[in-house]
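The next block holds one structure in the form of structure tokens; read it before the comments.
Please treat every number below as a calculation from the coordinates, not as lab data. Small disclaimer: the values here were computed from a predicted structure and weren't measured. All Cβ positions, even for glycine, are placed from backbone atoms using ideal geometry, and neighbour counts span all protein chains on display.
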Amino acid sequence: MADQHGKRVVVTGAGSGIGAATAALLIREGWKVACLDRNTDAARKVAAGHPVIAVDVADEASVTAAFQRVKEALGGLDALATCAGIFETAPLMDTSAAIFRRILDVNVVGTFLCIREAVPLMGSGARICTVSSVAGLRGGGLMGTMSYATSKGAILALTKNAARTLGPRGIAVNTVAPGVIDTPFAATPLADPTIKQRMEALSSFNRLGTADEIAEAIAWLLSEKASFVHGATLVADGGMVMY
């Protein structure tokens, strides 16, 4: 996507999984990428000399400070990909209030804070892509259960509200909803061969997705190729939600 050359983007969670794949792809496509992550050592392995900025997306002061550093490093923003998130598989009756709050803090509040801090750095034509999940569409039932599914469902609503709010300013907001992706994010449940086989069988392709495949979806939503796509959910799950 040569039309993206030189454009400025923040990728959160850039140190691993979908965030790392997205940051690496955007760098290859010529974007100026600020790689945000709690694990700056991991992010540096992806950044290839692009700015690496420490952030805890669940901490408001940390997010505010990180985007001030983004402003200093890039001068402004043309795009944001909110890939930072955490996973949780505890069922309803085993989920404590503390666990539930932590998942919402990182996945939902973290997404909200990054959007809020990115918008003042953006002008008309800027684009935002959040990361939900088929768990948010289905209400869980795969690997991520009560707290995780709730957080990803909240991101769907958050994205639509941001799209309604920011559309008149010329800022497009969309979300990608991955299926089960073979990343460190889901490594613990996928280490069980029975669970992995069951997840593979839910896809029409009889396989898990890859971080690179989701990165391609995010990159498209951030590109000018998706200029009239707004307030949308791009499901990238190998056909899982058809079942």
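Laid out as a table, the results:
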{"item": "Of Ala47, Thr194, Pro91, farthest towards positive along the dipole that unit charges on Lys, Arg, Asp, Glu beta carbons give the range 2-236", "result": "Ala47"}
{"item": "Within-12-Å neighbourhood charge of Ser132 [Cβ basis; K, R +1; D, E -1]", "result": "+2"}
{"item": "Long-range HN-HN contacts of Ile86 with modeled amide H, under 5 Å", "result": "Asn107"}
{"item": "Relative exposure of Ile27, Ile195, Ile18, judged by other C-beta atoms within 10 Å (fewest first)", "result": "Ile195, Ile27, Ile18"}
{"item": "Inverse of mean 1/r across different Cα pairs in the chain, Kirkwood, Å", "result": "17.7"}
{"item": "Residues of type aspartates and glutamates that Lys45 reaches as a straight line, Cα spacing below 19 Å, ignoring anything fewer than 8 places off in the same chain", "result": "Glu29, Asp37, Asp56, Asp212"}
{"item": "Efficiency of FRET between Val241 and Trp220 - r from beta-carbon atoms, R0 22 angstrom, step 0.05", "result": "0.70"}
{"item": "Net charge over other residues, Cβ less than 15 angstrom from the Cβ of Ala61 (K, R count +1; D, E count -1)", "result": "-2"}
{"item": "Ala157 paired with Ala191, simple spin-label distance in nm, labels 7 Å along Cα-to-beta-carbon", "result": "3.5"}
{"item": "Pair Arg169, Glu72: separation of 7 Å Cα→Cβ label points (nm)", "result": "2.3"}
{"item": "Dipole magnitude of the range 92-243 about its Cα centre (Cβ charges: Lys, Arg +1; Asp, Glu -1), debye to nearest 20", "result": "480"}
{"item": "Kyte-Doolittle at least -1.0, axis length at least 20 Å by Cα - qualifying DSSP helices, the chain", "result": "60-74, 146-166"}
{"item": "The range 132-180: translational diffusion in µm²/s, Stokes-Einstein, Kirkwood Rh over Cα pairs, 10 °C, 1.306 mPa s", "result": "143"}
{"item": "Fewest-first ranking of His230, His5, using other Cβ atoms within 10 Å as the exposure measure", "result": "His5, His230"}
{"item": "Order of Leu222, Leu190, Leu92, Leu77 under a 10 Å beta carbon neighbour criterion, fewest first", "result": "Leu92, Leu190, Leu77, Leu222"}
{"item": "For Ile218, net neighbour charge (Lys/Arg +1, Asp/Glu -1) across residues whose Cβ lies under 15 Å away", "result": "-3"}
